[in-house]
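Read the figures in this text as sums done on the coordinates, not as results from a lab. In this text the structure is predicted, and so the values were computed from the model without any measurement. Please note: Cβ atoms are built from the backbone with ideal geometry, for glycine as well, and neighbour counts cover all protein chains shown.
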Amino acid sequence: MKVRVALNVNGEAREALVPSHKTLLEVLREDLGLTGTKHGCELGECGTCTVLVDGEPVLSCLALPVEAEGSRIVTVEGMAEGGRLHPLQEAFVELGAAQCGYCTPGILLTASALLAERPSPTRQEVKAALAGNLCRCTGYTKILDAVELAALRMGRQEARS
Amino acid sequence: MTKNEFAVIGRPLPKVDAWAKVVGETKYADDLFLPRMAYAKLLRSSHAHARIKSIDTSRARALPGVFAAVTAADLPRVKFGILPVSQDEEALCAEKVRMVGDPVAAVAAIDEETAEQACRLIEVDYEPLPALMSIFDSLAHPEVRIHDYGDGPNVHKNVALQFGDVDAALDGAHLVREDVFFFEGNNHMPMEQHAAVAQWTADGKLTLWSSTQTPHYVHRVLAKTLDTPAAHIRVIAAPVGGGFGGKTDPFSHEIVACQLSKLTGRPVKIALTREEVFYTHRGRHPVLMWIKTGFTREGDITGCHLRTWLDGGAYGSYGVASTFYTGVINPVTYKIPVYKFEGARIFTNKPPCGPKRGHGTVQPRFALECQLDRAAEQLGLDPAEMRRRIVAEPFTKTANHLTVTTIGLGECIDRVVEASGWRVKRARYGVTAKSPRASRSPRKRGLGLACSAYLTGAGTAIYWNDMPHSGVVTRADRSGGVTVLCGATDIGQGSDSILAYLTAEVLGLEPRDIHVQPADTTLTPVDLGSYSSRVTLMCGMAAIQAAGRLRDAIFQAVARKLEVSPASLVARERKIGVPDDWDKAVPFARAAELGEALHGVLAFPGSYAPPKRAGKYKGGGVGPSPCYSYSACVVELTVDEETGAVDLEHVWIGHDVGRALNPLLVEGQVEGSVYMGIGEALMEEQIFRKNLHKHPSMLEYKSPTTLETPEIHTILVETDDPEGPFGAKEAGQGPLLPVIPAIANAIYHALGVRIDEVPITADKILKALELKRVGKPPRVGPTRLPLLAFKPPLVVESAFGQPADPVVSRPFAR
């Protein structure tokens, strides 16, 4: 059975006619063309498909689009604003935190939710926040470094404004 | 040369593809959606070993939304495999299945769900055969044959090589140790599941986009298995979401997607599930090892004899090479005057093993380094000082005729010893330490060390040929931009970036001025693939040659214009000119126009093949490499003797990378290698229960998260190797090797128990502590070895200590 879902994705109103059991991950990728969101297991084990729903990290492979109706969904494509990269994206570029890049979107979004809640987290807090996101390339070191660098810069930006 | 002579080399620059990756623009294979595309699924065997009596696809074909359902009958009956000597795989099994997960049929349908549903409607009548699930099973049942080829019943490969009189060397030793180890298999578990999109167009031409590390080999296999001219096939490696060796074979799903595209007249996508990735495997071989080594009183090695038994799984894959690799690389690290190696790969009814990061060398490294630790203790030597003493000599040959060039291992050891506070902590921590505070707590602290070496690219190609291993075409256009075409495949290691950096360095440009077109068999010259840590060196050398030829041509034109000699010109800051008269320097874009006016189109090739210096004996082709990287590792950990839980606190790793072309990327490779070694050491295992993978999911297949990964302290050592591009050696695999034995040695230091079996899990530690408590040898590890007659060894004189050949054949060097 197909249902019409109306979603707010990256600030845009989007609609799709999809089978009612199709996951948010599949709808984002296949119906809305937002392939920046990746799949690693489709069973909620790896964190790769993380998107933000009203600011909270959500595993889109376990979520149904109907659950997200009326909420604000942010995918990696929505992180940069007006052509300007999010400080996390900049830090990931500068510090080589993305190797194959496949886990990167999920990690960026999880980290952005952390920084929204805790602007200057300790390294242990960053580790705890990202413990549900697997990465097989980096050994996490450069990822943790990049999140810390972004936090530092966002803190400074905040202080200036 | 010093670092500041370079404009690009040695700088911690972003990767050229980093921006696309952080905004979600990078298109991996499964991100491609083509108009009218169909979705395919494979029906896989539920039996570990069975004869196929019949397959009926009629109900599947009748399902609405199904475009095609195929079996082996719908494909040319041709077997394939990555190695010419092991052509034993079928795109779809025709008569027999050899493992759970073997593909038997496939469906293309309007969507994935319909394809899955249709697969369930396919009826396969199997006649079960006995399943052989271990080395011991396979050798005990020669009457059950998994394959009808190989070096004996269920023996894929049996090798035996001897370099010098090992028995005499062991007889003359002060100490002889004989130890037995087991290394369990494990999966690469790349974050991206394999995916492919095939498009067979009306003009009879085929394009395949695939998450592959080896588009060139896939190209050859498609031509063979689809009975189609290679000239009409184009293979494009999409950016790969992690490989680690798991995407280095040509696969059934790639071939089947192509055939389904041909039959349906539509593009066809196939994407494996995570469970299918675990069954597709090609991961680390489970290996049983017996190692006997003689030592002098001072800790020198007098000789070494190694036996390995590999559990190969159901197919050949890279197995012949894997078998050799379990034996040939250990002598590159230390002075081993005489050496004997016997190895055998056994077929079992499990997913095939193949190359995983450190291919075949990780397991015997674990054995050797744990044995050295024991020998040092028995000899009353410090394990670091003992290793320091026996480091191999640079620019010599090993017993097994491998030529080593620069060796930075001594410095690696010194620096990790220094950085970790080795001497102080070894005395303060550990089971024998006298600190009263430490003895009360159940958490015991330990420090362990190990070393390793790894090749920088295999010296021989997978199929015999005299052509380059890596090719580049570099062209300059009138915009001042430069395009580098190269078959190299970026799997996250940064090969696109390396090509851009090297080209920019030679031409005096910025990396962003370089457009890299990788991994497209129609557009790019062949590179053999992203395996054996070959890409930076081989593509790098080809890129430097191509860029150098382009620079020479442009210099000629600029020299005419400025009325100076070409030799007086330099390229830097996007200009070409005479350093003393820089005001007259010509912008690169203008220089390219002058060059094109003089020469015509500016496009130049670069070619690289490794120096020809393989040992002149049968089997001498596996092991040679232009140069070897070296690593030393110290691990600091605590173990809880009540729970057996291991907490890693710090890893110090020194890595001789020759030269860090980009230190940020090298550190990333080292850190990733350390991480993967930790997973293998403590938790990752590909094991089976009732013929099925015990945990084919990312939740149950345990791998380290941020919380289990310790602080990794990377120390880069530069030796400026004459074989590498600007002196660079590999970094992507070697640093994994020492981590595992360093952890095992640290656990011994902490608790006084030996776990001679990887992964080192809490239950094994508790079992060893219990043995210790009841006064038995505190060791957990294998207790029996397979009964298998190795063939009489090929006896060759040891080449140990001979100087590296001064004259070497270097194809394409000019």
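Within 10 Å of each residue's Cβ, count the other Cβ atoms and sort B:211, B:497 from fewest upward.
Numbers: B:211 30, B:497 24.
Fewest-to-most ranking of B:211, B:497: B:497, B:211.
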* Given charges at Cβ of Lys, Arg, Asp, Glu: the protein assembly as shown dipole, positive-most of B:622, B:712, B:699 -> B:622
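Please order B:123, B:642 by the number of other Cβ within 10 Å, starting at the fewest. Don't skip to the answer; put the middle values down first.
Numbers: B:123 13, B:642 10.
So the ranking, lowest neighbour count to highest, is B:642, B:123.
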* Asked: Counting other Cβ atoms within 10 Å, which trypsin sites (Lys or Arg not before Pro) in the range B:420-525 have at most 10 and lie in a DSSP loop?
  -> B:434
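Could you please report the charge total around residue B:463, scoring K, R as +1 and D, E as -1 over all other residues with beta-carbon less than 13 angstrom from its beta-carbon?
Result for the local shell: +1.
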* Classify the protein assembly as shown as rounded, prolate or oblate, taking a ≥ b ≥ c as the square roots of the eigenvalues of its Cα gyration tensor: rounded when a/c is under 1.5, otherwise prolate if a/b is larger than b/c and oblate if not. => rounded
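Can you give the average number of partner chain beta-carbon atoms within 10 Å of each beta-carbon in peptide B:255-261, as a whole number?
Taking the mean over all residues of the peptide, I get 0.
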* **Cross-link partners of residue B:575 among lysines (Cα-Cα below 26 Å; sequence separation of 8 or more within a chain)** => B:3, B:15, B:561, B:584
* Candidate lysines - alpha carbon under 16 Å from residue B:425, same-chain residues fewer than 8 apart omitted -> B:434, B:444
* Any idea what the dipole of the range B:671-746 comes to, in debye rounded to 20, about its Cα centre with Lys/Arg Cβ at +1 and Asp/Glu Cβ at -1? -> 640
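Does the range B:457-499 classify as rounded, prolate or oblate by the C-alpha gyration tensor (a ≥ b ≥ c root eigenvalues; a/c under 1.5 gives rounded; else a/b over b/c gives prolate, otherwise oblate)?
Oblate, since a/c reaches 1.5 and b/c is not below a/b.
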* Structure fact -> For chain B, shape from the Cα gyration tensor axes a ≥ b ≥ c, cut at a/c of 1.5 then a/b versus b/c, turns out oblate
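Hey, what number do you get for the protein assembly as shown at 222 nm if only DSSP H runs of n ≥ 4 count, each worth -39500 (n - 2.57), divided across all residues, to the nearest 500?
Values: 25 runs with 274 residues, N = 975.
Result for the protein assembly as shown: -8500 deg cm²/dmol, rounded to the nearest 500.
Within the range B:508-594, list the GluC sites (Glu not before Pro) lying in a DSSP loop whose Cβ has at most 10 other Cβ atoms in a 10 Å radius.
Working: sites: B:563, B:573, B:593; in loops: B:563, B:573.
Here the sparse-neighbourhood loop sites are B:563.
About the Cα centre of the range B:676-814, what is the dipole size in debye to 20, counting +1 per Lys and Arg Cβ and -1 per Asp and Glu Cβ, all else neutral? Working shown, then result.
Details: 16 positive and 17 negative charges, 195 e Å.
So the magnitude is around 940 debye.
Can you pull out the GluC sites (Glu not before Pro) in the range B:130-239 that DSSP calls coil and that have at most 13 other Cβ atoms within 10 Å? Display every interim value, and only then the final one.
Numbers: sites: B:143, B:178, B:184, B:192; in loops: B:143, B:184, B:192.
When the GluC sites (Glu not before Pro) of the range B:130-239 are filtered for loop state and at most 13 Cβ neighbours within 10 Å, B:143 remain.
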* Using +1 at the Cβ of each Lys and Arg and -1 at the Cβ of each Asp and Glu in chain B, identify which of B:457, B:305, B:491 lies farthest towards the dipole's positive end. => B:305
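Could you give the size of the charge dipole of the protein assembly as shown about its Cα centre, using +1 on the Cβ of each K and R and -1 on the Cβ of each D and E, expressed in debye and rounded to the nearest 20? Walk me through the numbers before you get to the answer.
Values: 107 positive and 112 negative charges, 247 e Å.
Dipole size: approximately 1180 debye.
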* Among all the lysines, which ones have a C-alpha under 25 Å from residue B:397's C-alpha, if same-chain residues fewer than 8 places away are not counted? -> B:292, B:335, B:340, B:612, B:616, B:618, B:729
* Would you list B:266, A:118 from fewest to most Cβ contacts within 10 Å? -> A:118, B:266
